[in-house]
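The values are calculated or read from the model by the stated rules, or taken from the named source; none is laboratory data. Because the structure is predicted, anything quoted here is derived from the model rather than measured. Note: ideal-geometry Cβ built from the backbone for every residue, glycine included; neighbour counts use all protein chains shown. Only protein heavy atoms, including side chains, enter the accessible area calculation; ligands, DNA and RNA are left aside. Shrake-Rupley method; radii C 1.70, N 1.55, O 1.52, S 1.80 Å.
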Amino acid sequence: MQSRTESGFSLIEVMITSFILAVGLLGIVALQGIAKKSLADTDKQIQASFLARTALEELRADTRWLTTNSSAAQNTVITDILTNAASSASINNMALCRNITGLGSGSGTVTFAVSWQIQNAASSSAAANGAECGQAIDPAINRRQVVLTSLISGAI
């Protein structure tokens with residue numbers, strides 16, 4: 001009689017291989033969710049940065065606000081200048097706030113902060129115009145922000 005040698009995989013080897021493959025595939029699926037959330041946050045950060053830069057460039061291009069006599073008139077002129085930036089912020093569910101300090105001799109320090117709600121987080125109120133613009137946001141309120149500060153002078 002001749003002995004027959006059997007080749008192939010045993011059932012236990014197939015089960016172990018299937019288990020390792022399943023764990024690896026589940027890990028890849030979990031990473032896709034994390035990558036999607038990170039991509040959404042990065043997209044909002046890019047939009048906010050572009051919005052703050054656009055608002056700053058609009059103020060640099062139109063320096064009427066530097067020569068106004070009263071702060072109420074200055075606020076009105078700035079609001080008129082930033083109409084497009086403010087509407088763009090609200091369309092993208094972002095809040096645009098500004099703080100202008102050190103106005104004297106035709107120059108000032110301008111701070112723009114654009115904040116947005118973290119994806120899938122509880123809603124909170126947006127920052128308003130004023131002295132707190134650009135300050136650190138409490139992590140408990142689930143918001144992120146981009147802050148841009150610049151010195152603007154009337155003489156170019």
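For the set 143, 53, solvent exposure ranked by accessible area (probe 1.4 Å, protein chains only) runs largest to smallest as 53, 143.
Across the accessible surface of the stretch 1-108, with the other protein chains kept in place and a 1.4 Å probe, carbon and sulfur atoms take up 60 percent.
Working from label points 7 Å from Cα in the Cα-to-Cβ sense, the residue 45 to residue 101 distance is 2.6 nm.
For the pair residue 6 and residue 76, label points projected 7 Å from Cα toward Cβ lie 9.5 nm apart.
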